[in-house]
Every structure is written in C-alpha cells, then in structure tokens.
Amino acid sequence: MNERRKPYPFDVIEPKWQALWDERRLFHALNPGDPDFDPARPKYYVLDMFPYPSGSGLHVGHPEGYTATDIIARYKRLRGFNVLHPMGWDAFGLPAEQYAIRTGQHPEITTRENIARFKTQLERIGFSYDWEREINTSDPAYFRWTQWIFLQIYQSWFNPATQKADPISTYTGHDPDSVRLAYVAEVPVNWCPELGTVLANEEVIDGKSEVGGFPVVKRPMRQWMLRITAFAERLIDELEPLDWPEGIKLLQRNWIGKSEGAEVRFAIAGHDGTIAVFTTRPDTLYGATYMVLAPEHPLVRRLTTNEQSQIVSDYCAQIAAKSDLERTDLAKEKTGVFTGACAINPVNNERIPIWIADYVLLGYGTGAIMAVPAHDERDLEFARKFDLPIVEVVQPPNDEPAIGFVGHGVAINSPLIDGLTTSEAKREITAWLAQRGLGWSATSYKLRDWLFSRQRYWGEPFPIVWENGRHRSLGETELPLIPPPLEDFKPTGTGEPPLARAQDWVRYSETATRELNTMPQWAGSCWYYLRFCDPGNAERFVSENAERYWMTGETAPLETSVSLELRNLFEIAKNFPHAPHRTVTLAAVTTSEAVELRRQTGLDFIGYHHCIDNYALRHILKEHGDDRRENAREQVSIGLRDILRIPEILRAPDRIEFGRVTGRGRQSLLYVKESGGAIYYVEEILQSAGRLMAKTLYKRRATGKRAITEASAAQTSETFRRVAKSIEASFPSVNQKHEGGVDLYVGGTEHAVLHLLYARFWHKVLFDLGHLTTNEPFQRLVNQGIILGEDGRKMSKRWGNVIDPLDVIADYGADAFRCYEMFMGPLEQMKPWSMTGVEGVSRFLARVWRLLMEENQAGEWILSSAVVESAPDKAQLKVMHATTKKVTEDIEALSFNTAIAQMMIFVNAFTTAQSRPLVALRTLLVLLNPFAPHLSSELWETLGHKFPILPDEITSQPWPEYQAEFLVEDEVEIALQVNGKVRDRIQVALTATSAELEALALVNPRVQEFIAGLTVRKVVVIPKKLVNVVAN
RNA sequence: GCCGAUGUGGCGAAAUGGCAGACGCAACGGACUUAAAAUCCGUUGGGCUUAACGGCCCGUGCCGGUUCGAGUCCGGCCAUCGGCACCA
C-alpha cells in the first residue's frame, strides 16, 4: 500500500489545511467580551470525555467519539453557532506513578511526553479543537482551582432547611466539623498492601485491585469523605429531565438506590436503649420474629450476654478477617450467632431474639433489620437454618403459598391492620408508630459517601493542615499547593502516603503539619468542563460571564432559550389546534422570518403567528419608540431580532411579577388539566429551591368552538402555587427538556455512574453556593460503543490487534479515517474494525475527488472539464435535495453512517453524468465538510479559482437548505398487494385519488389472477405507497 | 439471581407499522491493459421452476398474539454481551 500511488493527494492537502486552520485560528471560540465576539450567534458546547494520556497512545477506538463530536462541531459552525469544542488531559493518575516507581522517572515528565504523543495523534486526524483552551489537570494553574473547589466543599454543609449546600457559617450547631460536606472519618477501607494505598470500592474488582490485580483487605483508616449522600434525592430528581440514554439514567438511579419505608424503634429487654431498624415493609411488623444486627454494629458488645460473649466475639473476629469478596462468596450458606439479648416488638410487645449475621450490612439502613422470615427470602433461609419461628402476615392475592411470598397482598395475623392491602397497611402502621414515637417513615439510599483520599504521590495535595489533632483549611492565597519534589514515590508500606517522605514540606509551622493524602483522579475530571469555558483565568475558577454564556447561552439570543419558549407555545398550538387567538398579543412574522425561526429552532409553525407576552411586547415597543401600532386584531409587526430577544426580555430583572425567574435552577414545564369544563394550562412552572411558581396560568372554557382566555397574568401567590401543585399531581407533565449545561457530551459507558455522578455532585454544590448558573452540568449525553479489533476481540496489546490511527492515516489519509470511523455503524454500538472497510470509504473519497478533478498529460490534477455552471437536471436536483435533507437530519440524530451512505448515492449518481453542475458540487462539498474537512476544503478552493464565489472559504458557507418540492416526483410507484403480498407494481400520477388507486388495483391482471374465485372483503389504500386487496 | 443492551445476507449494516437487505466490504463476470494494479460496468439472501422473459415458495434468534399488513407493536422463551450483586 505504501508503494501504491495515492488515489488522491491526501498526503499533501491534509497537512496543508491543518497548518492553515491553525494559522488562521479558525476554531478558536470567542468568549463574551472578546473582540469580534458576535452575540447574535447561538452557542453550542460540544465536549468529549478527555483522555488519561497513557503511555501507549491512542488506538482507533478512542477517536470514534472525538470524530462524532468534531462532525457536530464543524456542522454547528456552518450553521452559524459559536462553538466551544475543547480538549485536555486527565493527567493525574496511578499508571504514571507506578511507572515512576519502576523507573525513577518523575510522573510529570512521563505525563508531558504522553500528552505530546496524544496531541500529535489528535492533530493529525484534523480535529477542530480549540487548542488555545487546552488544559491539564496536573498543571498547578489548573489544580489550584481543584483545591479551591475542595475548600468550597469543606467550608459548606448541607442545610436541611434549604435542602442545599450552604456556607458553614450558617450552621448554628456546636460542632461544624460534624456536618461539613468534606469530613474526616475512621472508616474500614480497601487497603491494598501491594500498592500501599487505599482503593475506592469501585477500584476493587473481585477482591483485587483494578490496577495490577493485587489482593485487597479491609482496614480501618482515617480518611477524607465527601458527603454526596446528602444530595442523593436531588441527584435522582434532577436526573429526570436530562437528555441522557435511559439505560444510563437507570444505572445512576440504581446506584443511588433509593428505597422508601419506615424506621422502627425496638426496645431492648433489660436495657435502656433502643435499636432502630429500617424496613421497606412496615406492614409485616407482626411477622418480625427476630432481629439481626451487622456484626460491626456498635451495640453488639453491649447487648451480648455473658454466656454468648465468647461465641459472638469469635464470630465477629472471623467476619473481620474476611474480605468483602469472601463474605459474599460464602453467602450461599447463611451464618450468624445469637447475642443472648432480646428486643421487644412494638406492635405486640413480644420478645424476639437479637442475632448477628454478616448478611446484614453496617453501611445500609441502620445496620440492623427486623427479620420477617415469612416474607423475605434471606430471612427465611436464615430462620430455617437456625430454627427460628415463622409467622405469616401477608395473604398473597392468588393461591400462592404465603410463606416466602414477598409481593403485595393483604395483611393477616396483624390485629391493627388486618384486611388492609399492603400499601394501605404500610401507611396505617407507620402512622400508628409515629403517633407513639415508635417509628417514622424514612428513606434509605444505597449510595455511600465518597471516599476522597488516596495514599499516593501523583495527585492534588489537600489544602489542609493539622494542628492539635484538628484540621483546618489553608487560605485561598496559599493555593496552589504543589506536591513536594520526591526521589522515591514508593508506598511507605505503613499506610502513610508517600508525601510523608518530604519532611520539610510536611512541617507547616511549629505546631501544624500538612495533610499527607492526595485527592483521587476523579477530582480533576469533576469540573474540567467548567474550566474549558475560561481556561486562562487566574482570578477565578471560571469567570461568571464565560460560565453563564457557555452553560446557558445567556448574554446573547440563542437557540436553546428561544426554542424553549417557542416549544412551549408550539406544544400549546399543537394541543389546541382550534383555539383562536388569545388576548395576548400576536405578532405577525413574515414568511422569511418564519423560515429563519424554523431553521434556528427546528420547529414547525402552524401559520406564522407567534404569541408574544404583553410585557415583552411593551418592552420592545418602548425600544422602537412606539412607532408601531396594533392593528384591529391586536397584531403588531415586529422583527425577528425582537422575537429572538423575548426570552431575554422575559427574564429581565425588573419584571417583578415574574417571580424569581432570574434566579438559578429553573425548570420549565408545561402542565395541562381539564377540570369542570375548563382547560387549565400553566406555561412554565418554575422550580427553584424546591418551590414551585407559575409564570402564567391560562384558563379557558373547553366547551364550544371558541375557547376564551380569561386570565393570563403572572403571579407567584400562594394560590398559584397550590393550583400548580394540584395540576402537577393530577396531570402528567409534558417532559420539557431542561436547557442548560454542556449541549452534547460524548464518551464511553465506563463512566456511566461514577464520573458523571461525582461531576453532578460537585456541580450542584457549586451551584448552591452561587458560583454557577445551572444545576446540572451535562444536558445531552451520548455513549459511543467500543471498537473491537479485526479479530472481533477487544483491542489490547495482549492480542496484538491494536491499530494506531497514524498508520491508517499514512495509508488512507485522515479524511478516510474519519469517514470510516463513522461509516462502521451506529455510534452507540460495539463493532469490529475492518481495513477493507477503510479502503471502501477511501474509494468513495477518491470518487469525490475525481468528480471535480482530472489528470492532465503531465499527470497533474486539474479541475475537470465536466464541471460546468449549468443548471442540474431534474434527477440531479432530486438527488441533491434528498442528500441535503438526509445528511442534515442524520447529523442532528448522530446517524453518521447513513449520512455518508447518502453522500455515496450522490456521488454514484453524478459520476456517470456528462456534465457536473457547479451548484450540486458546491452543495456536496459543504455537506461533506464536517466529515472530510481537508478534501472538501481543497476542492472548494480549487473550484474557486475558476468559479469565484464570496465568501470564498468553505467554512464560511451557509449550510445548504433543501426544498421539498424537488423531492416529489410526478409519478409514483405503487405496490399492489393481495392479502399483504406484493403481486405487482404500477406507476401512477402523484395526484391519483384513493378511489382511482383502488379501481386500478382491482382491474390489474396480476391482482385479478390472485383474487380469482375469491371474494374481495376489503381494499386498503395507502396513498403514494400501496394498495392491499384483502380477499378470501 | 437481578437489571440493561443486542440478535437481519458470507461480513459491517439500512428500513415514520406499508415493496426486507439502502450504502459499503467480500466474491463472481465483463470492459480497459502485453500483463497486473488502479478505474469503469454488471451480478450477488435461500430454495423451486422456466428454453428464455419470467413465475412461485421460504426468509429479520425461537414460539404465540394484535393488525388488511409486523424486522418494527404486545406476551412468553433462547442465545450473546455489559453492569450489579445478601440493599432489609
């Protein structure tokens, strides 16, 4: 292949264009306030999950997602967006540290080398990253702010009254350290002696370290924890409106693991204290015949009677020696011992024995359970093994046996609640307990607090010092806190982090020493998407303007906020097609403006009327000096620019009746309800800090053709809140997208839970503290599938099936590489690499080249003489517009494979043509540009030499529009079916009516043949498609 | 065990409930060439039938259902892959 003549000179044009783009700073995104910043352009933030720069470089799997985002970025630029498309490095991490331990090479050096290699690879693929925004999490200028964010977390607490993070100064209790969002705890952790470090649960796989596969044991240690559990509820709730794959949302929900039930307090026979247990089935309380505590439960020692103490302590010792793996492995056979103590069941005052068993986990619920063997599999197994009593308290709905039935039924043998269904019984018994102070409804989460410290060198040091056994934070001016230079990065082996070796550094003052732990790798990746908005800022982690602009688009009229408003109105129009005009003023929009609106918002309009709020209208008229008057139908003509500004105007701070709409965390929804002959709908209910406020409430009579708008004023009164609540309760909401945050985030499923959950958590803390304007970081998430080797196995050194993008590019060029990555199949799917597949795509690009170019006598490529300025013929026009339509729609849907297929159809159709009309070729080149930017740029330029056009850059062209009229044919082929089977096809005029089609079908000889002797029962006519004759 | 995703030609894959297999790869045949590569044109799901043009039947993991009509919707299985795992 290397010796082969190149099908087109990609080896020349690709470096040429890459250099040109770089020189012209073509992909540098401007922030508000920068010279030449254009506020009229909507923003689009498209982000890749940034890589850890490993020593082995990129293989062809990595750039899959990067190519998809690059196509989107280039496409959005052509559509007039201000695009933020950055790249950076998740540069702290264990591999570099382990390499340092082996070779003595400082991690900073290897990291720098690896980054250089990654960057070379990425640049050679021709990605349109804004390299001026490159960041590196191990750069002090970056991690200074990671440390600053940690301090923000350290200096706040979760305020139950406001349900959000508040500064610790608002805490009025006696011990602030006990409520901080970052706190120190002695916790049993996964200690890996080989790595000399503690690992997070998720870094332990099958009892072995994820990195290296070394054994892991439990060991209590003093650790920094982040109180993510306080945000569990919000992490579930605020997930809902995001445009993420359902599977990922489900994973997150399951990981958080919310379960609702009750906490019940059991008295202990012969003791003062009580034991609280958590149960999701308070209705089975009468069936609780024993209780089980986790072996580590603090009450175990106090409760255990003398006779049992030896057995109990033996059992506890035995459990402690086991790893988590062994505990779950041995789970097949239940184990446990009796403590000798008894608890009192609060509903019937019966004494029930208290056992300990390792099937109860200290970390979940209260670390204690009431065992209901009749209706819980584990309890039943345990009770049978140890011969404990079993009492049936739920009657299954069918004939199923009651013992072992875990579903919902009817309560029995439960005097207080007999005869009630499970859900009624739960409510009833919980109320009964609550009245007596014996219990209360409670919610439990699987989610654990985040173990945030690591005993490593290559990570962010904590900005914390210890003095007299207490921790305190460094001042912001002391940041960044840079790791001390070290010769030896090995674990100390005692559990003390390597930083302990830097004795001078550790000594902060006469009396204070520095924290020795470092932060986990997640820390830097938790907020990098924010830093990209303003990477060079030395004053703040991100400037307010940059953050607000890139996360919400505010400061400029932009697609997201406009379309939100319009989408509301669109929904209304759709739902009430016959509703006449409301008393709100209608603004007339010209046809071309409507087309523009549709282009920008992707919405269709019913007519060209756009509802405008009175407030906004007054505002606009004032600006225009009141020179436009309403006509008789209360319509006023205003321009597109004004319309696009409406969302901004509506959010103006002087609009008092608008409530706290300028605040943060709004959530727009549309609720509709029909009640008592009237239709109520509330446009945009705003949810902020747990409060609901309605922006506008409409009420209209449902009867009669003319619905009447009675009220349309914005209020935030208590009444309104109630109405909104009741509507919400009784009518499912139209699921409005929550606009804001990164517009498109693409990465692998391996980060489905942790990275995304941690980043969301940090984002919410920063949002609560007023540093951010959105409550969620990532609006739309897409996971790319992994690319397998040619042998169908995962790419790895072990199989020798790793493919380096640079090798592919050397043979086929970057454009072919990019196109093949996208042509392989759907982005989300797992699929194997194929070199012959690359060749096929490369042939397609060569055909594009030869569509415009031919070789002269001297063997030089010159513009083909077949390229002419004439108008395309009808068939060509159809292909051109069909391609424009399909490519546009497919890019929006991230179906890049079918977009490329359509462009192949285009090329196949034009290759054979005698003359190749300029307009068609130009259209193709613009459509192709996001996919094959080098080739299309070169051909565009060559075309411009003979046929000049302004602006002359392909990157300044408008995205082509298709016109539907060119897609329809005069005649259309109709399939004739008999009993659902195609028997013939006929050409008919597009205008043929259903009756005509039916008649044509029935007289068709082939149809006749098949219905001979049968009775025609029915004829189904689908216009423009088929006729199905049903006969028997 | 639980949860999720996937299942269509030799291969990667297309198909708002409306003509299954677009597009590409591979294979085969042809044109060009002294020859090969490259390029261009054509054929290509399986079976049966016809001298031929054609025609018929079967086909989207399996079984059933809804429908005039199902790759697509519903129910139940099977297989592969991924995730979680005593969560009270």
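In whole percent, and with a 1.4 Å probe on the protein chains, what portion of the accessible area of the range A:369-440 is carbon and sulfur?
Here it works out to 51 percent.
Once ligands and nucleic acids are excluded and a 1.4 Å probe is used, how much of A:THR103 is accessible, expressed in Å² to the nearest 10?
80
Dividing the alpha-carbon radius of gyration of the range A:336-403 by 2.2 N^0.38 Å (N being the number of residues), what value is obtained?
Here the answer is 1.20, to two decimals.
List the trypsin sites (Lys or Arg not before Pro) within the range A:24-83 that DSSP assigns to loop and that have no more than 12 neighbouring Cβ atoms inside 10 Å.
Passing both the DSSP loop test and the Cβ count: A:ARG25.
Sorted by accessible area with a 1.4 angstrom probe, largest first, how do A:ARG454, A:ARG793 fall?
From most accessible down to least: A:ARG793, A:ARG454.
Sorted by accessible area with a 1.4 angstrom probe, largest first, how do A:CYS526, A:CYS316 fall?
Details: A:CYS526 0, A:CYS316 35 Å².
Correct descending sequence by accessible area is A:CYS316, A:CYS526.
Got a sec to turn the phi values of the range A:12-29 into Karplus ³J(HN,Hα) couplings, 6.51 cos²θ - 1.76 cosθ + 1.60 with θ = phi - 60°, whole Hz, x for Gly and Pro?
With coefficients 6.51, -1.76 and 1.60, one gets 8, 6, 5, x, 4, 6, 4, 5, 4, 4, 4, 4, 8, 6, 5, 10, 6, 7 Hz.
Counting only heavy atoms of the protein chains, get the accessible area per residue of the range A:782-931 (1.4 Å probe) and round it to a whole Å² value. Please list the in-between numbers first.
Details: 6110 Å² over 150 residues.
Heavy-atom SASA per residue in the range A:782-931 reads 41 Å².
Which value, in nm² and rounded to one decimal, describes the direction-averaged projected area of the C-alpha convex hull of the range A:126-268?
15.5
Report ³J(HN,Hα) in whole Hz for each residue of the range A:503-519, in order, from the Karplus equation J = 6.51 cos²θ - 1.76 cosθ + 1.60 where θ = phi - 60°; Gly and Pro get x.
Those phi angles translate into 4, 5, 5, 5, 6, 7, 7, 3, 10, 10, 10, 7, 4, 9, 6, 10, 7 Hz.
Give the shape of the range A:787-848 as rounded, prolate or oblate, defined through the alpha-carbon gyration tensor: a ≥ b ≥ c are the square roots of its eigenvalues, a/c under 1.5 means rounded, and otherwise the shape is prolate if a/b is larger than b/c and oblate if not.
Since a/c reaches 1.5 but b/c is at least a/b, the shape of the range A:787-848 is classed as oblate.
Rounded to the nearest 10 Å², what accessible area does A:ILE344 have for a 1.4 Å probe in the complete protein model?
40
Using a 1.4 Å probe on the protein heavy atoms only, what accessible surface does A:LEU181 show? Give it in Å² to the nearest 10.
Accessible area of A:LEU181: about 0 Å².
Mind listing the long-range amide H neighbours of A:ALA371? Cut-off is under 5 Å, sequence gap 5 or more, other chains count too, H placed in the peptide plane at 1.01 Å from N.
Under 5 Å from the amide H of A:ALA371: A:THR289, A:TYR290, A:MET291, A:VAL292.
Here is the link list: A:LYS218/A:LYS426; A:LYS426/A:LYS764; A:LYS258/A:LYS831; A:LYS218/A:LYS258; A:LYS76/A:LYS1025; A:LYS490/A:LYS764. Which ones come out longer than 32 Å on Cα distance?
Listed pairs above 32 Å: A:LYS218/A:LYS426; A:LYS426/A:LYS764; A:LYS258/A:LYS831; A:LYS76/A:LYS1025; A:LYS490/A:LYS764.
Select from the range A:945-1032 those trypsin sites (Lys or Arg not before Pro) which occupy a DSSP coil region and have at most 14 other Cβ atoms within 10 Å, ordered by residue number.
A:LYS1024, A:LYS1025
With a ≥ b ≥ c the root eigenvalues of the C-alpha gyration tensor of the range A:764-910, is it rounded (a/c under 1.5), prolate (a/b larger than b/c) or oblate?
It is oblate, given that a/c is not under 1.5 and a/b is not larger than b/c.
Report the GluC sites (Glu not before Pro) located in the range A:963-1032 that are in a DSSP loop and have at most 16 other Cβ atoms inside 10 Å of their Cβ, or state none.
Listed in order of number, the matching sites are A:GLU969.
Can you check what the net charge comes to around A:VAL988, using other residues whose Cβ is under 13 Å from the Cβ of A:VAL988 (Lys, Arg +1; Asp, Glu -1)?
Details: positive: A:ARG985, A:LYS1024, A:LYS1025; negative: A:GLU969, A:ASP970, A:GLU971, A:GLU973, A:ASP984, A:GLU996, A:GLU998.
For residues surrounding A:VAL988, the net value is -4.
Using a ≥ b ≥ c from the Cα gyration tensor of the range A:247-389 (square roots of the eigenvalues), is it rounded, prolate or oblate, where a/c under 1.5 gives rounded and otherwise the larger of a/b and b/c decides, a/b for prolate?
Oblate, because a/c is 1.5 or more while a/b does not exceed b/c.
Could you tell me what percent of the accessible area of the range A:834-966 is made up of carbon and sulfur, with a 1.4 Å probe and every protein chain present?
Working: 3030 of 5590 Å².
C and S fraction of accessible area: 54 percent.
Bins of 5 Å, beginning at zero and ending with the bin holding the largest distance: percent of Cα pairs per bin for the range A:99-154, please.
Bins of 5 Å from zero give 4, 15, 16, 19, 17, 15, 11, 4, 0 percent of pairs.
Could you put A:ARG234, A:ARG301, A:ARG548, A:ARG507 in order of accessible surface area, largest first, with the 1.4 Å probe and the full protein assembly present?
So the residues, ranked largest to smallest area, are A:ARG301, A:ARG507, A:ARG548, A:ARG234.
For A:VAL978, what is the net charge nearby, where nearby means another residue's Cβ is under 11 Å from its Cβ and Lys, Arg count +1, Asp, Glu -1?
+1
Could you work out how far the C-alpha centroid of the range A:460-527 sits from that of the range A:39-116, in angstrom?
Result: 28 Å between the Cα centres.
Hey, any idea what % of the range A:971-1031's accessible area is carbon plus sulfur with a 1.4 Å probe?
The value for the range A:971-1031 is 54 percent carbon and sulfur by accessible area.
Let me test this: with uniform point scatterers at the alpha carbons of the range A:834-966, what is the Debye-based log₁₀ I(q)/I(0) at q = 0.13, 0.18 1/Å?
-0.53, -1.04
The values are calculated or read from the model by the stated rules, or taken from the named source; none is laboratory data. Everything numeric in this text was worked out from a predicted model, so none of it was measured. As a convention, Cβ positions derive from the backbone with ideal geometry for all residues, glycine included, and neighbour counts pool all protein chains shown. In case anyone asks, the SASA skips ligands and DNA or RNA and just uses the protein heavy atoms, side chains included. Shrake-Rupley method; radii C 1.70, N 1.55, O 1.52, S 1.80 Å.
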